[in-house]
Amino acid sequence: MLEVKGVSKSYSSGNLFRKKKRLALKDISFNLNDHETLCIVGESGCGKTTLAKCLVGLEKVNAGMIKAGEHILNSDKGTVISEIMSRIQIIFQNPDMSLNPKKTIYQVLAEPLILQKVPKSQFNKIIVDSIESVGLGERYLKYYPHQLSGGQNQRIAVARAILMSPDILIADEVTSALDVSVQAHIVHLLMKLKQDRGMTLIFISHDLTLVRRIADRVIVMKDGRIVEIGHTSDIFQNPSHEYTKLLIENMNKMSLTTENKQEIENVVDLESPVMTRIPVLGK
Amino acid sequence: MLKLRDVRISFPSEEGVLVPVDTVDLDVNRNETFTIIGESGCGKSLIANSILGLLPKDAQVSGRIYLEDDDLLTLTEKALKRIRGRRVGMVFQNPSSSLNPVFTMRSQLAEIMKYSGKSATINKMTEITKSVGIDDPIRRLAQYPHQLSGGFKQRFAVAFGTASDPDMLIADEPTTGLDITIKIQLIEMLAQLHRERSILLITHDLDVAYTLSDRIAVMYAGEIVEIASASAFFSRQFHPYARSLMDSHPSRDMKPIPGTAPHISQKVEGCRFNDRCEYGHACCCNKHPELVQVDVDRFVRCHAYA
């Protein structure tokens, strides 16, 4: 579906006389398969977001190329935005920043349609469709972002991303700013949309417990390089790279892991006086 | 050590009086880590700030907050200043906004130590800096906040909170926004600290609560709905909200909780969780449940246990 070949990206900093170059991505190559959930994990500064930005054409790559079939989407010669926009969409971490506070939800959602020169007569239908598919009603269209909660705003960001029915959806840390129960809502929503619309999902996250749950394949990144790529079960059961081992060890150290759940089910004592009074809670 | 009795925080507003925190009772014992967990907007940070009188001026706090024998709500600003930092240290959520960008770490640490009546010798300062796991204190102390990474900044924030060796530390979301590796180092550091002092930890991160706490309180819509010892709590939650919260964690079923929490301007007659609760009874809609003791170390606010 999407082929990333030898992509490098550097940012320059410093002043006119002392230019510094910082490599953000070094020789990244991978293939994205149809209908899979590919998760990219790594610590802050490892290049996850830069990679996402290159994939949607917000940044031009310095070397290598990103291809979809025969079409070159992003190479050192430049990006083909119109081609990318209808194929790949992105949702960012913080909905408060990615939604324009001066526009109503309707205006926010109409923007991509204007850019794609969709006839005005179809606006209403497409927008209502997409807001309903993220579980919000038509009445939310007249609100401004500040009138909605963080979770609802993130839904709007999802609705905007699926407006043009993209083949690929990139979710860049979409749940890190949200509470666990809201995180569960958004992840369920993404998985459902992926299934209903046959999309491919690239999910960027630093939460390994979450990644383990939803990913088909995992890419582990460190300092701008891919250190390991493989199927979720392989990565979590036999990590080959030292860094992956460290990440998984850290996850096990402090997370309420699944082994823990076993223990929990054994402790539940259905005979305790409280539990017999309310059997439904004891289950 | 710290006792909160019937604490209620209210704000006057155009829509009438808003009560984001209602009737909170809790005790933090000596040398214990007590954690308040809850989702954003449930009022947990307000509790942390009310203890040291750090709320905005228009906030009204009623009830009693005792630190050992002192009722903190009756103290003057001058007396509170003597308690802040010296007897109760505080670590805030975001180190990039709680540290002063125009002073070096050394001068900020020195200021805190002088303020609490300690002499700020370089030896003492390096010792404190080392105690939070910073290996090259001399170099780090000479740096400004922008030269430090997020993890180092948060370590310094903890160092500042503990600089005058307080008996109690209030940590408000200390791990938010940190990478897992740094988070673990910070947690190990806090675990070290907690052997010698009481910690009131405020967090929405269930993993952090699980790793650090001795006792746990769960807050929902401004009320405490369950208090239990951490080991008992993580093996079984009694309150339906606490249970749903745990079930929405990725390591469990990751089941979303239907609906949303009531807005603070919304008056709820009965149980505040009743419209999202899968076990709801008729009495849940009109009668407000009280926090009742159901076990040796467990209190629950739910009609099912009353």
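A few remarks follow.
- Angle in degrees between helix B:150-162 and the longest Cα principal axis of chain B, rounded to the nearest 10: 90
- Annotation for segment B:142-164 versus segment B:230-265: alpha-carbon center distance of 34 Å.
- Computed from the C-beta positions of A:Gln237 and B:Tyr115, the FRET efficiency with R₀ = 56 Å rounds to 0.60.
- Listed by number, the DSSP H helices of chain A that run 15 Å or longer by alpha-carbon position along their axis and have mean Kyte hydropathy of at least -1.0 are A:105-115, A:120-133, A:150-162, A:180-197, A:242-254.
- The label point for A:His146 and the one for A:Leu23, both projected 7 Å from the Cα toward the Cβ, are 4.6 nm apart.
- Between segment A:6-22 and segment B:274-294, the alpha-carbon center distance in angstrom: 60
- FRET efficiency, 1/(1 + (r/R0)^6) with R0 41 Å, evaluated for A:Arg139 and A:Met65 via beta carbons: 0.35
- Cα shape, segment B:1-102, gyration tensor, a/c 1.5 rule: rounded
- Most mobile of A:Ala159, A:Ala68, A:Ala52 in a GNM of chain A (Cα contacts under 10 Å): A:Ala68
- Pairs exceeding a 18 Å alpha-carbon distance, out of A:Lys5/A:Lys60; A:Lys253/B:Lys130; A:Lys222/B:Lys130; B:Lys81/B:Lys114: A:Lys253/B:Lys130; A:Lys222/B:Lys130.
- Each part reduced to its alpha carbon centroid, segment A:28-83 and segment A:165-214 end up 18 Å apart.
- Note on A:Lys120: lysines with a C-alpha under 24 Å away, same-chain residues under 8 apart excluded, are A:Lys102, A:Lys103, A:Lys142.
- Modelled spin labels at B:Arg82 and B:Val268, positioned 7 Å past Cα toward Cβ, are 4.2 nm from each other.
- Axis angle, to the nearest 10 degrees, between helix B:105-115 and the longest C-alpha principal axis of chain B: 80 degrees.
- Positive-pole candidate from A:His71, A:Cys46, A:Ile168, dipole of chain A, charges at beta carbon: A:His71
- Here is how the number arises for the protein assembly as shown: DSSP H runs of 4 or more residues each give -39500 (n - 2.57), the sum is divided by the residue count, and the result at 222 nm is -10000 deg cm²/dmol.
- For the residues of A:246-254, the average number of beta carbons from a partner chain within 10 Å of their own beta carbon is 4.
- Distance between the 7 Å Cα→Cβ label points at B:Asp275 and B:Leu18: 1.8 nm.
- Nearest-ten-degree value, helix B:180-193 long axis tilted from longest Cα axis of chain B: 80
- Each residue in B:Lys255, A:Lys19 was given a count of other beta-carbon atoms within 10 angstrom of its own, and listing them fewest first yields A:Lys19, B:Lys255.
Every read-out reported here was derived from the displayed coordinates using simple, explicitly stated rules and does not represent laboratory data. Being a predicted model, the structure only gives us computed values, none of them experimental. Methodologically, a virtual Cβ is constructed for each residue, glycine included, from the backbone with ideal geometry; neighbour enumeration extends over all protein chains shown.
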